[in-house]
Amino acid sequence: MKLKNILFYTTFFLIVSCSKKDNGELQPQKGSVTESVYASGVVKSENQYTVYSTVNGVLQKINAVVGETIIQGQSLFEIESEKASLNTENARLAYELSQGNSRYIQDKISEMETKVQIAKDKLALDKSVYNRNKNIKQYNVISEVDYERVELTYKNSKSSYESALKQLSQLKAQLKSDQSRNNNNLKISQQSENDFNIKSAFSGELFDILVKEGAMITPQTPLAIIGKKNSYLLELDVDENDMVRVKIGQTMLVSMDSYKGKVFEATVDKIYPILDERSRTFKIEAHFSNPPEKLFPNLTAEANIVILSRKNVLTIPKSYLIDGEYVLVNKDKKRKVKVGLSDYQNVEILAGLTAKETIYRPK
């Protein structure tokens, strides 16, 4: 039943307060008028969210039961992950191989250090020969050609030693870089493997499981719905034309098909400041002042958000108003009136009509 078609409790008394005759005559009466904005939506659990996977795969195992209390980090689903496990094992082997205490790394460093030592020893020998020949050159004991050959040999040995030292330094830096990269690859592989074990992001109640074991899962597949147990809110949509009148703290009257004939009070406590381009509505949240005894997620709800209310004012049925500003007097004479607040059935008359006058229903 649309809440648009029922009056607020503040105007229920107004229906019977107007003295209306069978021929459509009536006199304005004192009553209450409540102006409101319509909203519709659903009941949701606090922190309600839908569980999704971040990977593709076959659902191997469901580790939870509908209605169960879930704790944060609890495993909910296991997706087939043999390939991910193999990738993690390969990454682990590569990381272990690149660690400084591994035999492979020690052998590579030892081999390079040996080359450095050999180059160092040769440099020491060639330097000694070069210095000896340099000292005796002044006595013309050695020819210029032989001296230049000794000098070149020394310089080449020095260059080879410096090159070996540089290669050793580069090897150690490369091995350290490889170890860091392999460590990162291992962490990435372990995280990827963890993605195949889907866990709850929050503590709460498992309201529903939407898949079965053996199903093919993608990141677009909803798996389950979880929310805070025994704590509910209203998530409602308000038309963009009415949104500027809605404020936090306003009271609303809520109707639900699950509680036919009953009206519940709630308070607007959150407004999402962005327009949904498809529905041309804004989303708001509200909490019940006194919630119904039993609620469930996704129950439909309709509400009227109270914008302004006035009591003991002169009112007429909205159906007696012509073009929003005229009423019929003397059966066929139109008179202009000034109107104030209005709800779905009644309108406030500010001027142009008294309580003693009779008006007529337009034909």
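State the number of residues belonging to the stretch 328-345 that are under 27 Å from VAL306 (Cα atoms) and at pLDDT 85 or above.
Quick first cut of the stretch 328-345, residues under 27 Å from VAL306 (Cα atoms) only: 337-345.
This time we only want the ones that are at pLDDT 85 or above, so: 337-340.
The qualifying residues number 4.
Which ones in the stretch 316-348 are touching a helix residue (DSSP H, G or I) at 6+ places or on another chain (Cβ under 7 Å) and surrounded by fewer than 19 Cβ atoms within 10 Å (Cβ to Cβ)? Don't jump to the end; show me each part of the working.
First, the residues of the stretch 316-348 that are touching a helix residue (DSSP H, G or I) at 6+ places or on another chain (Cβ under 7 Å): 327, 342-347.
If the condition is that a residue be touching a helix residue (DSSP H, G or I) at 6+ places or on another chain (Cβ under 7 Å) and surrounded by fewer than 19 Cβ atoms within 10 Å (Cβ to Cβ), then SER342, TYR344, GLN345 are the ones that fit.
Would you confirm, using the coordinates I've provided, whether ALA351 is within 17 Å of SER32 (Cα to Cα), modelled with pLDDT of 90 or more and open to solvent by 20 Å² or more (accessible area, probe 1.4 Å)?
On the way: within 17 Å of SER32 (Cα to Cα): yes; modelled with pLDDT of 90 or more: yes; open to solvent by 20 Å² or more (accessible area, probe 1.4 Å): yes.
Against the criterion (within 17 Å of SER32 (Cα to Cα), modelled with pLDDT of 90 or more and open to solvent by 20 Å² or more (accessible area, probe 1.4 Å)), ALA351 qualifies.
Anything in the stretch 75-95 that is out of contact with any helix residue (DSSP H, G or I) (no Cβ under 7 Å at 6 or more places or on another chain) and either open to solvent by less than 40 Å² (accessible area, probe 1.4 Å) or modelled with pLDDT under 90 (or both)? List them, or say none. Step through it out loud before you land on a result.
Here is the first cut: in the stretch 75-95, the ones out of contact with any helix residue (DSSP H, G or I) (no Cβ under 7 Å at 6 or more places or on another chain) are 75-80, 82-83, 86, 89-90, 93.
Residues satisfying the conditions are SER75, LEU76, PHE77, ILE79, GLU80, GLU82, LYS83, LEU86, GLU89, ASN90, LEU93.
Could you run through the stretch 204-221 and say how many residues are of a type outside the set (A, V, I, L, M) and surrounded by 14 or more Cβ atoms within 10 Å (Cβ to Cβ)?
If we filter the stretch 204-221 for residues that are of a type outside the set (A, V, I, L, M), which is where we start, we get 204-205, 207-208, 212-214, 218-221.
Among the residues that remain, those that are also surrounded by 14 or more Cβ atoms within 10 Å (Cβ to Cβ) are: 204-205, 207-208, 221.
Of the residues in the stretch 204-221, 5 are of a type outside the set (A, V, I, L, M) and surrounded by 14 or more Cβ atoms within 10 Å (Cβ to Cβ).
Can you report the number of residues in the stretch 128-144 which are assigned to a helix (DSSP H, G or I) and open to solvent by 90 Å² or more (accessible area, probe 1.4 Å)?
As a first pass, look at the stretch 128-144 and keep what is assigned to a helix (DSSP H, G or I): 128-139, 144.
So of that shortlist, the ones also open to solvent by 90 Å² or more (accessible area, probe 1.4 Å) come out as 132, 134-135, 138-139, 144.
Residues meeting the conditions: 6.
Sort out which residues of the stretch 281-298 are modelled with pLDDT under 95 and in contact with a strand residue (DSSP E or B) (Cβ under 9 Å, 6 or more places away or on another chain), and write them in order of number. First the steps, then the outcome.
From the stretch 281-298, those modelled with pLDDT under 95 are 289-298; that's our starting set.
Selection gives SER289, ASN290, PRO291, PRO292, LEU295, PHE296, PRO297, ASN298.
Show me the strands (runs of 3 or more DSSP E) entirely contained within the stretch 230-333 in which 1 or more residues are touching a residue at least 60 places away in the same chain (Cβ under 8 Å).
Values: elements: 232-239, 251-255, 264-271, 281-288, 300-317, 326-329.
It comes to 232-239, 251-255, 281-288, 300-317.
Which of the residues spanning the stretch 234-259 are small (Gly, Ala, Ser) and either buried (at least 19 other Cβ atoms within 10 Å of the Cβ) or touching an Asp or Glu at 6+ places or on another chain (Cβ under 8 Å) (or both)?
Step one: list which residues in the stretch 234-259 are small (Gly, Ala, Ser), which gives 249, 255, 258.
The answer is GLY249, SER255.
With (1) in contact with a Ser or Thr (Cβ under 9 Å, 6 or more places away or on another chain); (2) loosely packed, with under 12 Cβ neighbours inside 10 Å; (3) within 19 Å of SER231 (Cα to Cα) as the list, and LYS262 as the residue in question, which single condition is left unmet?
So the condition that LYS262 fails would be (3).
Would a scan of the stretch 342-354 turn up a residue that is of a type in the set (S, T, N, Q) and more than 46 Å from the chain's Cα centre (by Cα)? Spell out the reasoning first.
Step one: of the stretch 342-354, the residues of a type in the set (S, T, N, Q) are 342, 345-346, 354.
From what's left, more than 46 Å from the chain's Cα centre (by Cα): 354.
There is at least one residue in the stretch 342-354 that is of a type in the set (S, T, N, Q) and more than 46 Å from the chain's Cα centre (by Cα).
Starting from the stretch 188-203, take each residue that is open to solvent by less than 70 Å² (accessible area, probe 1.4 Å) and in a strand (DSSP E or B) and list its partners that are among the charged types (D, E, K, R) and at pLDDT 80 or above, counting only C-beta distances under 9 angstrom and pairs at least six apart or across chains.
Once the first residue is open to solvent by less than 70 Å² (accessible area, probe 1.4 Å) and in a strand (DSSP E or B) and sits in the stretch 188-203, its partners that are among the charged types (D, E, K, R) and at pLDDT 80 or above give ASN197/GLU78; ILE198/GLU78.
From the list ASP126, ASP107, ASP178, ASP146, which one is among the acidic types (Asp, Glu) and touching a residue at least 40 places away in the same chain (Cβ under 8 Å)? Break it down stepwise before answering.
Numbers: ASP126 fails: touching a residue at least 40 places away in the same chain (Cβ under 8 Å); ASP107 fails: touching a residue at least 40 places away in the same chain (Cβ under 8 Å); ASP146 fails: touching a residue at least 40 places away in the same chain (Cβ under 8 Å).
Every option except ASP178 fails the conditions.
The values are calculated or read from the model by the stated rules, or taken from the named source; none is laboratory data. As the structure is a prediction and not an experimental result, all values here were calculated from the model. Cβ coordinates were reconstructed from backbone atoms using ideal geometry, including for glycine residues, and neighbour counts include every protein chain displayed. Side chains included, ligands, DNA and RNA excluded: accessible areas come from the protein's heavy atoms. Shrake-Rupley method; radii C 1.70, N 1.55, O 1.52, S 1.80 Å.
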